[in-house]
Every structure is written in C-alpha cells, then in structure tokens.
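Single-structure report; data block below.
The values are calculated or read from the model by the stated rules, or taken from the named source; none is laboratory data. Everything quoted here is computed from the prediction, not taken from an experiment. FYI the Cβ positions are ideal-geometry reconstructions off the backbone, even for glycines, and counts take in every protein chain you see.
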Amino acid sequence: MNILVTGGAGYIGSHTCVELLSESHGLSVDQLIIIDNFSNSKPDMLEKVRAIAGRDFIFIEGDIRDPGKMNALFDTYAIDAVIHFAGLKAVGESTQKPLAYYDNNLTGSLVLFETMQSHGVKRIVFSSSATVYGMSNPMPLREEYPVSATNPYGYTKLVIERMLMDLAQADPGWSISLLRYFNPIGAHPSGLIGEDPNGIPNNLLPYVAKVAAGKLPALPVYGDDYDTPDGTGVRDYIHVMDLAGGHIAALEYVMRNRGVEAVNLGTGHGTSVLSIIRAFEKACGHAIPYTVTGRRPGDIGTCYADTEKARRLYGFEARRTLEEMCADGWRFAKERY
Ligand code: NAD
Ligand code: UD1
C-alpha cells in the first residue's frame with residue numbers, strides 16, 4: 001500500500017511517519033511519500049525519521065496548494081490513502097494573518113481533495129482539532145456535540161471538516177476520518193524528533209521546556225481562578241506517539257470502511273497547568289519558575305475528550321503516562337532548545 005503524508009516533516013507528521021514505517025502494525029506500507037514545504041519545519045527532521053525507522057521514504061519538497069505539483073505526484077505514485085497534516089496551526093497568528101490561514105489551510109486542502117478525486121483516491125485521515133467544539137459544550141466532549149469556532153484557525157478546521165463531510169455525502173465511495181486531536185505533547189523516546197517551535201511558544205509544553213532549558217526566564221500561568229481543582233486550566237494531554245498510533249488505527253479503519261467519521265484522540269483525563277509544571281520538574285530534575293498572570297483571552301477552564309468512540313471504532317486507547325510525556329519531551333528539548 002502507498003501512503004501520501006502531507007506535512008510529514010512537522011511535529012505530529014514526523015512521529016506518525018516513524019509509526020507508518022515501523023512494522024509493528026497490521027498495515028503493509030510499501031511506499032511512504034511525504035510532501036512538505038518546510039514552512040514550519042526543518043529538513044533534518046526527515047533525516048531523523050529515516051534514522052529512527054531504519055527505512056527510506058520518498059520526499060517531495062513542495063506546497064500542496066500547487067495543483068501542477070500535486071497532479072504530478074498523484075500521476076507518479078499510485079497512492080492508496082492520504083494522511084493530511086499540512087496546515088498552519090497558531091491560533092494567535094491566525095487572528096493577525098487570517099488570509100494566510102484561509103489560503104494555506106483551505107486552498108491547500110481543496111487542491112489536495114480535487115487531486116485525490118481526479119485520481120480516484122478516496123481514503124483520507126485528516127488532522128482536525130478539539131478547537132471545533134468551541135467554548136460552550138459540557139465535558140467530556142463527545143463527537144456529536146455542536147461545533148463552532150472563535151478564530152480563523154478554528155474556522156479553517158470547521159470548513160475542511162465540512163468539505164469532507166459534503167464529499168462523503170456526494171460520493172459514498174469516500175472513506176474519511178476527521179481526527180479531533182486534544183493536546184499532543186512529548187516526543188519520540190529516542191529524543192531525535194519532537195516539537196521545536198520558532199520563537200516564543202504559544203502552547204504550554206514547549207514553553208515549559210524552554211524555561212526548563214534556561215532559554216526563557218519564567219512560565220506565565222494564564223490564570224489560577226478557573227473552576228478547577230487548583231484554579232489553573234485543565235487540558236487532555238496526549239503523548240504524540242499515542243497520537244501517531246491513533247493515525248495508524250484510523251488508517252486501518254478507512255481501509256476497511258466507507259463514509260465519514262469524526263473521532264476524538266485524547267486520553268479522557270484532564271491535567272492542570274500546575275500538575276504539568278510538577279511533572280516536568282520531576283523529568284528535568286530542577287524547579288521551573290512561573291508567575292501567575294491574567295487569563296489568556298479565548299481560553300476555557302477545562303477541556304477533555306470522551307474517548308469511547310475511538311475505542312469502539314478503532315480499538316484505540318492512549319497508553320502513555322504524563323511522566324512519559326514529560327520525560328520524552330525533556331529528552332528532546334534539552335538537546336534541541
Ligand atoms: P506542524 O506545523 O509541526 O506541521 C505541519 C507541517 O505542514 C509543517 O512541516 C509545515 O511545513 C507543513 N506545511 C504547512 N503548510 C503547507 C503547505 N501549504 N504545503 C506543504 N506543507 C505545508 O504542526 P503539527 O503540530 O504537526 O500539526 C499537524 C496538523 O495537526 C495541523 O493541521 C494542525 O492544525 C493539526 N493540529 C495540531 C495540534 C497541535 O497541538 N499540534 C492540535 C490540533 C490539530
Ligand atoms: C491551544 C489553542 C487551541 C489548539 C490547541 C492545540 C488557543 C487559545 N487555543 O489550546 O485552539 O487546538 O492549543 O494546539 O491558543 N498556558 C499557560 N501558559 C502558557 C501557555 C499555556 O498557562 O504559556 C495554559 C493555558 O491557559 C491552558 C493550558 O496551559 O490552560 C494549555 O494551553 P495550550 O498548550 O496553549 O493549549 P490549549 O489552550 O488547549
């Protein structure tokens with residue numbers, strides 16, 4: 001089977017490619033083809049994927065918005081299924097540069113889906129996000145809850161989900177997984193690949209790791225007056241290797257089933273910011289300075305997944321502990337940051 005991965009040099013894509021290339025699952029991957037334009041990643045990640053997996057893959061440097069490039073790719077390789085990670089993902093930046101987000105995420109997805117359609121490729125696993133649940137649903141979040149968005153990034157995820165649902169409605173030959181990720185953290189246990197954002201991180205874990213590595217002075221804790229056990233925000237953190245395993249399970253499912261399914265990938269458990277700080281201190285062996293500041297606009301107090309559908313449909317369950325997430329994340333960060 002030949003799999004195309006868009007955005008495979010990125011954080012989640014690189015870990016998923018390692019899993020795809022390993023032989024620890026029921027899929028038989030003959031050729032893995034990765035396309036990435038390195039807009040938010042570096043070529044050495046791909047070298048590291050090769051080194052960890054001990055297997056080669058085909059890499060095409062390019063932009064998924066380029067129809068000529070995408071047609072040539074699908075003409076050259078007999079693709080059986082696509083895992084679609086390529087996209088811009090920073091919520092704050094999306095409010096500053098909305099057109100860049102609509103162009104990259106929507107045009108890119110449209111060109112990809114059109115090229116798939118014209119080549120008769122109808123199996124896709126798409127990176128959606130828990131952000132599509134908006135701010136007013138009860139916890140744990142279930143897939144059938146209403147969706148909404150509060151920023152351009154979230155709208156792009158909603159629209160891409162909608163495009164794929166409409167496609168499945170128009171043509172029952174499509175097999176589609178909309179994976180709604182909760183908060184992926186950690187790194188491959190080798191310490192070779194992980195999350196390496198440019199500049200000051202927006203997300204909690206890379207920020208904590210940069211403080212632990214001495215690159216930033218202190219973590220701002222965005223509010224300690226939420227209705228949570230210690231007042232700080234609670235999220236469903238999932239090890240990126242578990243998330244990668246979720247993609248394998250989703251791919252196995254779309255190879256066997258038709259139609260479209262939205263599925264949460266999380267652990268079903270919430271962890272507070274202060275608990276994350278404590279767990280990371282244990283991993284790195286020293287204190288992590290922090291200062292409580294005001295709430296970040298747009299944040300909610302608590303967010304975690306209902307994981308029953310992933311278990312029922314994919315037989316998927318996240319296994320790795322918070323300790324492993326922090327230990328693996330630190331192993332990568334202390335070398336790279
Ligand atoms: P990432 O930025 O590390 O990876 C995305 C990759 O796509 C990068 O390597 C980038 O260079 C590439 N890319 C972007 N636009 C492209 C284009 N037009 N053509 C070709 N390549 C392009 O992000 P990630 O954390 O690995 O996230 C992957 C996907 O998962 C994204 O779609 C993101 O929105 C989604 N997601 C991420 C999170 C998270 O917390 N990391 C949570 C929910 C959903
Ligand atoms: C953010 C995005 C969300 C996206 C998700 C995964 C926003 C408003 N939301 O959500 O759309 O789907 O990432 O990519 O950006 N925190 C601190 N200090 C920090 C950073 C974060 O205290 O420096 C807190 C936050 O208030 C939150 C928790 O840590 O309680 C996790 O934050 P973050 O990693 O940004 O993820 P989300 O808020 O879930």
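Odds and ends about this structure:
- Region 20-44: number of residues that are closer than 19 Å to Tyr253 by Cα and buried (at least 22 other Cβ atoms within 10 Å of the Cβ): 2
- Restricting attention to region 266-299, the residues that are more than 24 Å from the chain's Cα centre (by Cα) and part of a loop (DSSP other than H, G, I, E, B) add up to 7.
- Restricted to helices (runs of 4 or more DSSP H) entirely inside region 59-148, those with at least 3 residues that are among the hydroxyl-bearing types (Ser, Thr, Tyr) and away from ligand 2 (no atom under 16 Å from the Cβ) are 108-118.
- The one condition from (1) in contact (Cβ under 8 Å) with a residue 40 or more places away in the chain; (2) within 21 Å of Ala279 (Cα to Cα) that Tyr207 does not meet is (1).
- Of all residues making up region 120-141, the number that are surrounded by fewer than 16 Cβ atoms within 10 Å (Cβ to Cβ) and modelled with pLDDT of 95 or more: 3
- Checking His247 against (1) under 24 Å from the mean Cα position of the chain (by Cα); (2) over 23 Å from Arg142 (Cα atoms); (3) of a type outside the set (Asp, Glu); (4) more than 11 Å from ligand 2 (Cβ to nearest atom), the condition it does not meet: (2)
- Selection of region 10-34 for residues being under 17 Å from the mean Cα position of the chain (by Cα) and more than 24 Å from Gly199 (Cα to Cα) yields Thr16, Cys17, Val18, Glu19, Leu20, Ile34.
- Test for Ala310: is it within 16 Å of ligand 1 (Cβ to nearest atom) and of a type outside the set (Asp, Glu): yes
- Of all residues in region 211-234, those that are closer than 14 Å to Thr291 by Cβ have Cβ atoms under 7 Å from Cβ atoms of residues that are near ligand 2 (Cβ under 10 Å from one of its atoms) and among the acidic types (Asp, Glu), 6 or more apart or on another chain, in Tyr222/Asp299; Thr232/Asp224.
- Count of residues meeting criterion [buried (at least 24 other Cβ atoms within 10 Å of the Cβ) and more than 11 Å from ligand 2 (Cβ to nearest atom)] in region 230-244: 3
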